[in-house]
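Please read the structure below before turning to the comments.
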Amino acid sequence: RGYLDPVLGNDMYTAVPLQTGIFYRQSRDEDSGELTSAVLEDGEERMGDVWGGFMQWRDDRGDDLDGESYADAIDQYWDNCGWTDDESLQFLNLVEDVMETEYTADSSQLGVREVNFFPPGYTIMSHYTGVPGMGFGNVAAKYAEPFEDDISLNSKVTEINSVGFMDGSGDTVVKYEKNGEIEEIKAKTVLVTASLGVLKAGTIDFVPTMPEWKQEVINEMGFGTVNKCIMSWDDDDALVWPADKLWFLLMTP
């Protein structure tokens, strides 16, 4: 107990890495062939010009881009601009990579009119709670501690019936199976955080059934995997990233 107190009490916030990060550019020496990295002094300004330009182009196209993915739209934007600047293209690719990490999906699967990714001035205020040696399971356990007596583990939800709540005659009824017995509870509000796989399989009966459009989205939606690795060094002099920055991003040739 108390192992997360320093984390939960930290007032430091972080925003999207594309806005707060420091940009590095990796290049290959023509003579030696070695790769070198250097800070892009105008990285933030270049990001605003390149990605801000794409966002403006997207908005100007309006309905013409309906049904198009970010991958297709970026290709069209690049062709229309007629740029020959490799560094600007690298910035666009960098944004695509961050977007794919954020949504665990390829940019070809993200609708350019449906997802408003990183518009100029956009920030996210959130705690950065990754702690080496802790894991997010311990973070969840810390937050759940005050509610331990009310949490029922190894309980499979089988039905969520909200008819009574919708017609004003009662509450929402949740049925679940525990130790081979079917039990139920009533609530005014039910928050469903089941995995996409569970929703696809239809193992939870929703009464009334979900709207057809919502079930169609669930059935068609994909998901991917993102692996995050935490590395640490005992010797500060051996650090390979800037110690005073929360985020840094690298563009490669």
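Remarks
- Were the residues from Asp106 through Asp171 laid out at 0.36 nm apart, the gain over their Cα-Cα distance would be 19.3 nm.
- Anchor Lys142: aspartates and glutamates whose Cα lies under 15 Å away (excluding residues fewer than 8 positions away in-chain): Asp5, Asp150
- Amide H contacts under 5 Å for Thr158: Lys175, Tyr176, Glu177, restricted to partners 5 or more places along the chain or on a different chain, H placed in the peptide plane at 1.01 Å from N.
- Placing Thr189, Thr203 in order of accessible area, with the largest value first and a 1.4 Å probe, yields Thr189, Thr203.
- Extension gain, Val39 back to Val190 (0.36 nm per residue minus Cα-Cα distance, nm): 49.5 nm
- FRET efficiency for the pair Asp75 and Phe136, taken as 1/(1 + (r/R0)^6) with r the Cβ-Cβ distance and R0 = 30 Å, rounds to 0.25.
- Karplus-derived 3J(HN,Hα) values for segment 206-213, using 6.51 cos²θ - 1.76 cosθ + 1.60 with θ = phi - 60°, are 9, 10, x, 5, 5, x, 4, 5 Hz; glycine and proline are entered as x.
- In order along segment 188-200, phi translates into HN-Hα couplings of 7, 9, 10, 9, 9, 10, 5, 5, 4, x, 5, 5, 5 Hz, rounded to whole numbers, per the Karplus curve 6.51 cos²θ - 1.76 cosθ + 1.60 with θ = phi - 60° and x for Gly and Pro.
- Straightening the chain between Asp236 and Glu183 buys 13.5 nm, computed as 0.36 nm per residue apart minus the Cα-Cα spacing.
- Efficiency of FRET between Lys156 and Asn116 - r from beta-carbon atoms, R0 45 angstrom, step 0.05: 0.75
- Rounded to whole numbers, the Karplus 3J(HN,Hα) couplings from phi for segment 110-117 are 10, x, 5, 9, 9, 10, 9, 7 Hz, using 6.51 cos²θ - 1.76 cosθ + 1.60 with θ = phi - 60°, and x at Gly and Pro.
- In terms of distances greater than 25 angstrom between alpha carbons, the cross-link table entries Lys175/Lys200; Lys156/Lys228; Lys156/Lys214; Lys175/Lys228 yield Lys156/Lys228; Lys175/Lys228.
- Nitroxide proxy distance, nm - points 7 Å out along Cα→Cβ at Thr84 and Glu216: 4.7
The values are calculated or read from the model by the stated rules, or taken from the named source; none is laboratory data. Everything quoted here is computed from the prediction, not taken from an experiment. FYI the Cβ positions are ideal-geometry reconstructions off the backbone, even for glycines, and counts take in every protein chain you see. These accessible areas exclude ligands, DNA and RNA; they are computed on the full protein's heavy atoms, side chains included. Shrake-Rupley method; radii C 1.70, N 1.55, O 1.52, S 1.80 Å.
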